[in-house]
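Inspection log for the structure reproduced underneath, given as structure tokens.
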Amino acid sequence: MSKVLEIEELEDLMDEIRARVFKANRQGELDELLASLGMDDLIEPEYAFDSYKDGKIVIIAGSEVKESHLRKIAEDLGAGKNRLEFCLDYNAAQKYDYHKLQYNSSYRVIMFGAVPHSSTGKGDSSSVISEMEKNQSAYPRVIRLWSNGTLKITKTNFKTELEKLISEGYIE
């Protein structure tokens, strides 16, 4: 059972926590501190990766939706069907050259459906998606396409996510 602190002890604890938060902020380590405290929800994702709003949109996943259908959806939304790059084969996604996306300002967004966990480019992360999300300053923005609680590309979730990106002004 946890000890119940007296008011003075609580005040000392709060002063120490406050000092550590200020120090972490000064040293650029605030995100790490908040994550270590289980306060990840206070960390706003920063897409510090600098790329062009009209950059390429990469769609990677094992998918039964045809590339032509996804291109048509993007074209109808004004997102330019020619700026899309696809890897819609599950096995090809495992060997995809993810490193070409790193620090490449030609790419704006990477949309993922189901991909193998043991893909190239995952580093020490559990998946390549997690690796990219963990290193937001090195990769374009990552969008997970969910359908019924699983990663899966559908015409509907692809269109919905493109609409969101356009409405927030992230892509043109």
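So, with +1 on the Cβ of K and R and -1 on the Cβ of D and E, and no other charges, what is the size of the charge dipole of the chain about its Cα centre, to the nearest 20 debye? Mind dumping the intermediate values first?
Working: 23 positive and 30 negative charges, 267 e Å.
Charge dipole of the chain: 1280 debye, to the nearest 20.
So, with a 1.4 angstrom probe, what is the percent of accessible area on the chain that is carbon and sulfur?
Values: 5290 of 10750 Å².
Carbon-and-sulfur percentage of accessible area, whole number: 49.
If you roll a 1.4 Å probe over the heavy atoms of the protein chains, what accessible area per residue do you get for the chain, in Å²? Walk me through the intermediate numbers first.
Numbers: 10750 Å² over 172 residues.
Per residue, the chain has 63 Å² of solvent-accessible surface.
Build a GNM of the chain with springs between Cα atoms under 10 Å: which of Y107, Y96, Y139 gets the top mean-square fluctuation?
Y96
Which of I143, L10, G62 sits farthest toward the positive end of the charge dipole of the chain, with +1 on the Cβ of Lys and Arg and -1 on the Cβ of Asp and Glu?
Checking the options against the dipole of the chain, the answer is G62.
Extension gain E67-F86, at 0.36 nm per residue separation less the Cα-Cα distance, in nm?
Details: separation 19, 0.36 × 19 = 6.84 nm, distance 0.74 nm.
Extending this stretch completely gives an extra 6.1 nm.
Starting from the stretch 47-90, pick out the chymotrypsin sites (Phe, Trp or Tyr not before Pro) whose DSSP state is loop and whose Cβ has at most 15 other Cβ atoms within 10 Å. List each step's numbers first, then the result.
Details: sites: Y47, F49, Y52, F86, Y90; in loops: Y47, F49, Y52.
Taking the stretch 47-90 and a limit of 15 other Cβ atoms within 10 Å, the loop chymotrypsin sites (Phe, Trp or Tyr not before Pro) found are Y47, Y52.
Label the chain by shape, choosing from rounded, prolate and oblate, from the square roots a ≥ b ≥ c of the eigenvalues of the Cα gyration tensor; if a/c is under 1.5 it is rounded, and otherwise prolate applies when a/b is larger than b/c, oblate when it is not. Each step should come with its number before you reach the end.
Details: a/c = 2.43, a/b = 2.19, b/c = 1.11.
Prolate.
Please state the shape class of the stretch 122-172: rounded when a/c is under 1.5, otherwise prolate if a/b exceeds b/c and oblate if not, all from the C-alpha gyration tensor.
On the way: a/c = 3.69, a/b = 1.32, b/c = 2.79.
Oblate.
Quick one: which residues, 5 or more positions from I143 or on another chain, have an amide H under 5 Å from its amide H? H modelled 1.01 Å from N in the peptide plane, none for Pro or chain starts.
I110, M111, F112
Just to confirm the filter: which GluC sites (Glu not before Pro) across the stretch 62-108 are DSSP coil and have at most 13 other Cβ within 10 angstrom of their Cβ?
Values: sites: E64, E67, E75, E85; in loops: E64.
Qualifying residues, ordered by number: E64.
To make sure I understand the rule: partners must be lysines, Cα under 22 Å from the Cα of K95, and not fewer than 8 residues away in the same chain. Which ones qualify?
In chain and number order, the partners are K56, K66, K122, K134, K152.
Shape of the stretch 60-139 from its Cα gyration tensor (a ≥ b ≥ c, root eigenvalues): rounded if a/c is under 1.5, otherwise prolate when a/b > b/c, or oblate?
Judged from the Cα gyration tensor, the stretch 60-139 comes out oblate (a/c at least 1.5, b/c at or above a/b).
The values are calculated or read from the model by the stated rules, or taken from the named source; none is laboratory data. On a predicted model such as this, the values are computed, not experimentally measured, just so you know. FYI the Cβ positions are ideal-geometry reconstructions off the backbone, even for glycines, and counts take in every protein chain you see. Just the protein is used for accessible areas: all its heavy atoms, side chains included, with ligands, DNA and RNA removed. Shrake-Rupley method; radii C 1.70, N 1.55, O 1.52, S 1.80 Å.
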